[in-house]
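See structure below.
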Amino acid sequence: MCGIFGIVSNQKSINIGKIALESIRRLEYRGYDSCGILSQYNSKLFVKKDAGKIDDIHKKLKLDEFPNGSKLALAHTRWATHGSPTKINSHPHLDCEDKIAVIHNGIIENFIELKKELLSKGHFFKSETDTEIIPHLIEENMKTNKNLKEAVANAIKKCKGAYGLAICHADYPDTIIVVRRESPLIVGIEEGKTTYCASDIPAFLPYTRNCYILEDNEMAILKAGTAEFYDINDCDNPKQKEIQLIKWSIDAAEKGGYEHFMLKEIYEEPSALRRTLKIPNDSLNKFAEIILSAERIYITAAGTSFYAALAGKFIITKFLGKYIEAIECSEFKTQLINSLEENSIIIAISQSGETIDLIEAVRWAKEYRPSAKIISITNIVGSTLTRHSDNIIITQAGPEIGVAATKTYVTQVLTFALIALEIAKLTKNESQEEIQKYYNALYSTPEIIEKFFEKNVELIKYIVRNLEKNLNFFFLARGISIATAKEGGLKLKEVACRFVEGYSAAHAKHGPISLIREGYPIIFIAPPDETYERLIGNLMEFKSRGGTIISLVVEDDDKITNLSDTTIRIPQPGDKYHNLFSPITFIPALQLLAYYAALEHNLDPDKPLNLAKTVTVH
Ligand code: F6R
């Protein structure tokens, strides 16, 4: 996830630098670890870029000051994926001659092979990024064909992966070329005057509401006030595209038309999962090998990441056959001060990579047992956690702006599941065929969630309205679903200010059940796994005391459905493969429940009371 912006104009008095700067500020929610702006003037490219927040870089570099008379600019705000957030890795990236510039949102999956090929042809690279291969590929193509459009198309056809790209050339003073595959790209037009491109509409919304939305494998040639569209495989015949009129406010546009970031981010879960499913095998395999080699394994985290750890622990131990302890990071040192062994493996998990209690836990572990290995799962490249880790995996959720963690949770659990299946491949305790069935179930998670969104939102709103007066809830489950109960409960507490006991359904009869009165709402998380029959017993204990039972079940469930007042059906099979990954597919229902409950109580779900997105105090 990065934000890209481009502008080409024929307006005499236009201040290209100022517009580019304001536009990437409006895209900063897409990525904020570094930024860069380029303008083109007199067959030269002028680049200003650095690591950090846009406003800090602007103070240092005056990002809006470029040669007078410049009519073309590209601008980028970065969310690092390949290469840490440094000045060199910031976009734009240029070819060997500093003539061709590229800004990119996405990931070029085959960049290592392409880079090798280009190095062998004498190209030299300045950054660690995947993006930098693109200007060099175009440069290589232009050695034999001076047509920029064809050179771009030929270069892009060699790239696998996802890209929203904006490209310019010092010798083509009035042209930006944009290409899209999987990553969004929109072209905005002020007819006859100025053309814009961006990865999201808010970037150019103050200047125009007329836009074209690029489809996969489309390319556009942008000149001042005009745009021509092509299929990447047919650059000779322009395509007709329909112009669209955008009616959103800037605020709504930043949220992709959703009322809140929380809702947008819940709906982004399928795409976040699809990106995370593409985490390269070698980094998953490395984690699997380290875990397999360890005597003692701990997972540590805070809040939502800790609940992802509970689900992850369950999934990994299934294939590992060894005990893993999950400890909240604030308790890590206190609990292990007398027992952390040499060569322990600590899996640290954090969306931000900055949670202070977690950083302290890993620092302490390294000081106390220098032979301990820290392997981390985080969403933020270059975060403090990554600097204290021996190995890292970056989840591919993209920036999460809503304070309540949503899409990052599902990507964390998915990452654990991917590591677990690598472990299964190495231990060979399961047959290849069996492992493939688990993979198939994992690959189907984005689609299950999409289908769930299609059919169930009105039901969730209805449940929320019916529970409007209730202040206290139980979320109960057994086995792996206890993680779902705890995480779902945390969401309702955070954003809707309701008290929830997310608890083991079996353990609840050892005390908490004494709270139950007529109408007390209890949500049972009930995939048909090995705990299902016993969960029915627990459900009956609560039902017979007057509890109102709402259950989360799979599509063809009947037993628990017949015993419940309301059921929410997750459209997935109830086999053991899908059940194991139900922490991913069941949680969106509870996230939406929390979201709509917040609205019902006139609370802003993006700004829960007393909370900060990143907790950097003890
Ligand atoms: C809950 C939430 C917090 C975080 C916790 C850990 O919605 O956002 O509970 O999960 O503060 O944060 P990270 O994962 O950044 O270490």
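The values are calculated or read from the model by the stated rules, or taken from the named source; none is laboratory data. Everything numeric in this text was worked out from a predicted model, so none of it was measured. Glycine also receives a Cβ, built like all others from the backbone with ideal geometry; neighbour counts cover every protein chain displayed. Surface areas here come from the heavy atoms of the whole protein model, side chains and all, with no ligands, DNA or RNA. Shrake-Rupley method; radii C 1.70, N 1.55, O 1.52, S 1.80 Å.
What to note about this one:
- From the alpha carbon centroid of segment 1-67 to that of segment 228-285 is 22 Å.
- For segment 269-369, diffusion coefficient by Stokes-Einstein and Kirkwood Rh (Cα), 4 °C, 1.567 mPa s, µm²/s: 90 µm²/s
- Spin-label zone in segment 286-310 - amide nitrogen under 20 Å from a point set 7 Å from the Cα of Lys607 along the C-beta vector: none
- Carbon plus sulfur fraction of accessible area for segment 3-253, probe 1.4 Å, in percent: 48 percent
- The accessible surface of segment 456-604, taken with every protein chain in place and a 1.4 Å probe, is 50 percent carbon and sulfur.
- Coarse-grained scattering of segment 394-464 at q = 0.16, 0.25 Å⁻¹, given as base-10 log I(q)/I(0) from a Debye sum over alpha-carbon atoms: -0.75, -1.13
- Three semi-axes of the equivalent ellipsoid, segment 9-53, Cα gyration tensor, whole Å, largest first: 22, 14, 6
- Of the trypsin sites (Lys or Arg not before Pro) found in segment 1-39, those in coil by DSSP whose Cβ has at most 14 other Cβ atoms within 10 Å are Lys12.
- Computed on the chain, the Cα convex hull volume stands at 164 Å³ per residue.
- Within the chain, helices built from complete DSSP H runs that reach 20 Å or longer along their own axis (Cα positions) and carry a mean Kyte-Doolittle hydropathy of -1.0 or higher are 303-320, 407-427, 445-466, 481-496, 582-600.
- Using Cβ point charges alone (K and R +1, D and E -1), the dipole size of the chain about the Cα centre works out to roughly 840 debye.
- Each Cα pair under 8 Å and six or more residues apart adds its separation to the average, and for segment 456-604 the resulting relative contact order is 30 percent.
- Put the Cα centre of segment 137-159 next to the Cα centre of segment 538-554 and the gap is 63 Å.
- Apolar share of the accessible surface for segment 255-443: 46 percent from carbon plus sulfur atoms, 1.4 Å probe.
- Seen from Ala508, the other residues with C-beta closer than 9 Å to its C-beta sum to a net charge of -1, counting Lys and Arg as +1 and Asp and Glu as -1.
- Spin-label model, Asn42 to Gln335: label points 7 Å out along the Cα-to-beta-carbon direction sit 6.6 nm apart.
- Debye log10 I(q)/I(0) for segment 3-253, one point scatterer per Cα, at q = 0.09, 0.10, 0.15 Å⁻¹: -0.33, -0.41, -0.99
- Here, segment 255-443 is characterised by an Rg to Rh ratio of 0.97, where Rg is the alpha-carbon radius of gyration and Rh the Kirkwood radius.
- Model label points for Glu289 and Lys509, set 7 angstrom from Cα along the Cα-to-Cβ axis, are 4.9 nm apart.
- Along segment 389-401 the Karplus relation, 6.51 cos²θ - 1.76 cosθ + 1.60 evaluated at θ = phi - 60°, assigns HN-Hα couplings of 10, 7, 9, 9, 10, 9, 5, 10, 6, x, x, 10, 9 Hz to successive residues, with x for each Gly and Pro.
- Based on C-alpha pairs under 8 angstrom that are at least 6 apart in sequence, the chain has a relative contact order of 11 percent.
- Averaging 1/r over each pair of different alpha-carbon atoms in segment 185-272 and inverting the result gives 14.1 Å, the Kirkwood hydrodynamic radius.
- Among 392-403, 432-443, 595-606, the peptide with the highest mean count of other Cβ atoms within 10 Å heads the list, and the full ranking is 392-403, 595-606, 432-443.
- Solvent exposure of segment 3-253 as accessible area per residue, Å², 1.4 Å probe: 40 Å²
- For a paramagnetic label modelled on Lys425 (point 7 Å from Cα along Cα→Cβ), amide N atoms under 19 Å away belong, within segment 265-290, to 274-290.
- Solvent exposure of segment 456-604, expressed per residue, is 38 Å² of accessible area, with all protein chains present and a 1.4 angstrom probe.
- Gain on full stretching of the segment that runs from Leu119 to Asn470 - 0.36 nm per residue minus C-alpha separation: 119.9 nm
- Phi to ³J(HN,Hα) by Karplus 6.51 cos²θ - 1.76 cosθ + 1.60 over segment 236-242, Hz, x for Gly, Pro: 8, 10, x, 9, 7, 10, 8
- With kT/(6 pi eta Rh) evaluated at 10 °C and eta = 1.306 mPa s, and Rh the Kirkwood radius from Cα pairs, segment 456-604 diffuses with a coefficient of 106 µm²/s according to Stokes-Einstein.
- Of the GluC sites (Glu not before Pro) in segment 91-142, the ones in a loop by DSSP (not H, G, I, E or B) with at most 12 other beta carbons within 10 Å are Glu97.
- DSSP-assigned coil residues among trypsin sites (Lys or Arg not before Pro) in segment 347-417, each with at most 11 further Cβ atoms within 10 Å: none
- For the pair Glu342 and Trp364, label points projected 7 Å from Cα toward Cβ lie 2.3 nm apart.
- Extreme residue, positive dipole direction of segment 356-418, given options Ile356, Gln412, Ile392 (C-beta unit charges): Ile392
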